[in-house]
1. Return one whole number: the accessible area per residue of the protein assembly as shown in Å², for a 1.4 Å probe.
2. Considering only B:Ala181, B:Ile106, B:Thr147, whose Cα is most displaced toward the positive end of the charge dipole of chain B, charges sitting on Cβ of Lys, Arg (+1) and Asp, Glu (-1)?
3. Between the label point of A:Gly249 and that of the same position in each other copy, find the distances and list them shortest first in nm, with every label point placed 7 Å from Cα along the Cα-to-C-beta direction.
4. Largest first and in whole Å, give the semi-axes of the range B:163-271's equivalent ellipsoid, each being the square root of 5 times a Cα gyration tensor eigenvalue.
5. Could you compute how fast the range B:190-239 diffuses translationally, taking Rh as the Kirkwood radius over C-alpha pairs and applying Stokes-Einstein at 4 °C with viscosity 1.567 mPa s? Give it in µm² per second.
6. What is the calculated FRET efficiency for A:Glu250 to A:Gln156, with r their C-beta to C-beta distance and R₀ = 30 Å, to the nearest 0.05?
7. Along the Cα→Cβ direction, 7 angstrom out, place labels at B:His56 and A:Glu51. What is the inter-label distance in nm?
8. With no solvent and one equal point scatterer per Cα, compute the Debye intensity ratio I(q)/I(0) for chain A at 0.11 Å⁻¹ and report its log10, rounded to two decimals.
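The values are calculated or read from the model by the stated rules, or taken from the named source; none is laboratory data. Owing to the predicted nature of the structure, the values given are computational and were not obtained by experimental measurement. Note that we place each Cβ from the backbone using ideal geometry, even for glycine, and neighbour counts take in every protein chain shown. In case anyone asks, the SASA skips ligands and DNA or RNA and just uses the protein heavy atoms, side chains included. Shrake-Rupley method; radii C 1.70, N 1.55, O 1.52, S 1.80 Å.
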Protein chains: 2
Amino acid sequence: LAEPLAGAAFIAFDWGTTNRRAYILSAGGEVLHTERDELGVLSMGDRSYPEELDAHRARFGPLPVVAAGMVGSTRGWREAPYVSAPADIADLAASRLVIEEASAVIVPGVALSGARSDVMRGEEVQVLGAVDAGLAPRDALVCQPGTHNKWVRLEQGRIVDFATAMTGELFALLRANGIFAGMLDGPVADGAAFQDGMARGIGAVDLSTALFQARAEVVLKRRPCIEAAAFVSGILIGADVGSRGLGRGEVVHILANGQLAELYSAAVTACGARAIEVDSHQAFVAGIHRFWEMLN
Amino acid sequence: LAEPLAGAAFIAFDWGTTNRRAYILSAGGEVLHTERDELGVLSMGDRSYPEELDAHRARFGPLPVVAAGMVGSTRGWREAPYVSAPADIADLAASRLVIEEASAVIVPGVALSGARSDVMRGEEVQVLGAVDAGLAPRDALVCQPGTHNKWVRLEQGRIVDFATAMTGELFALLRANGIFAGMLDGPVADGAAFQDGMARGIGAVDLSTALFQARAEVVLKRRPCIEAAAFVSGILIGADVGSRGLGRGEVVHILANGQLAELYSAAVTACGARAIEVDSHQAFVAGIHRFWEMLN
């Protein structure tokens, strides 16, 4: 066994469908070490979750584990419950799934139980952590871009409503398969092609027609193939952001990093609202630390 | 060589991306024999198109071939041109691609060359054939459900405008991959789940959110998994049909067969318009026969 990391109190996992990120945190919430890999729940295959935890403990010390995300789904390790919105971190802590024999706790997901159905797993830690750390106000609209983008409405620091847009998944499906295969490998950034796509996507009731237009433009040599990915991304993100009924000047807190934060900020701006970017890793750490504090 | 089929004048292929259908036609346009297989252009691999033609000639006689569809694309045998709309069968015949050494002719596609870009290959024969055979009027709105559904506006018997919705492809991508994998294998028919989906999809500006809702309903056990495919199909077809701005009582001619015809008819009806189903095989035969007559 390696020397335990000095000051380490627990290991937190943001363990999603395709990636996982591990954080070694102090009792005060300081990040002592962090690392990311591709071992999301769909890549686990026959691997054992307890053994994965032990592999981390062998490196960082015999620490308790707190895990959030799809690890707590039927496709993950064990199924954690869903807490019904409205929900805050105390509600999550109260419904935690404890796995005694592995010294692990899994954070519940959040579900809508009204007329509309929706679910989240993992995003609740980020969004509530952002509020807890003062990165977003207690009344806010938060956007969490990704494979399944979440739009979360916070009131008095609680998640009261949310909607999922599978924008990232649609882009990935189109890029890898079917008529667009090989056509969406160009760069995606906030340039002219992305702006063209947004103009087409915002408010569109005919999304699947807008998408085909991208192919037709390339086939007819009206748009270089290298621009197609940015154009399609613009259509999808434009349609996503454009359907939220954002008010003029309304503030959207975007929990993301890198390119996705840039693209969604551009779309929020194009819709007349105002984007404030929040570091999603920092938000997760704040949320999982507060959750852990509530267990102790 | 087999005995040539008595009265056969030519072999027509409706040769698409995933399927092909062959028709042995008389000079008068009578169907003497027809067959369908999965040897679409994406399944051809290293096979030779001329040898495929010869294999048919060995069975039916040394007949000329007329082929329409993706066989005339960059992913098919040889690239036939696109004719710009407005277009009729005479325009197609004038721009045909002749492959002398194989005694074959490929029908051109049709493109929009105005502000909006769109392309079709194969559907033009069906839709113009439907008009030629009196199955649809010379001024009509025609819907051609499939992987890439075409909405075609006819004026005075010519294709003047059209739009493609990749409704069928989106459904296939969702069913085979990602978060819906294994969840969309139930039956799709015009029942309660399909109607629920249509109600959600018609007029929706948030298609990718509507789709995720289907997953959330299953995860939260508010909808049996067996209904998910019909619900998702209803969302996609509802969004497609609902975005066409159909007038109350407006007639839509649906060129399709079987289940797709039924589902699109239901959606047209749900949007307050009137659906008239037209046999798409009959329409293709009428169109390809007229095309062939113009070559002779």
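1. Working: 22690 Å² over 592 residues.
Heavy-atom accessible area per residue stands at 38 Å².
2. B:Ala181
3. 4.8
4. Values: eigenvalues 105, 38, 34 Å².
Square roots of five times the eigenvalues give 23, 14, 13 Å.
5. Details: Rh = 10.2 Å.
In µm²/s, the coefficient is 127.
6. Working: r = 18 Å, r/R0 = 0.61.
Computed FRET efficiency for A:Glu250 and A:Gln156 comes out at 0.95.
7. Here the answer is 5.6 nm between the modelled labels.
8. Here the Debye-derived log intensity ratios amount to -0.69.
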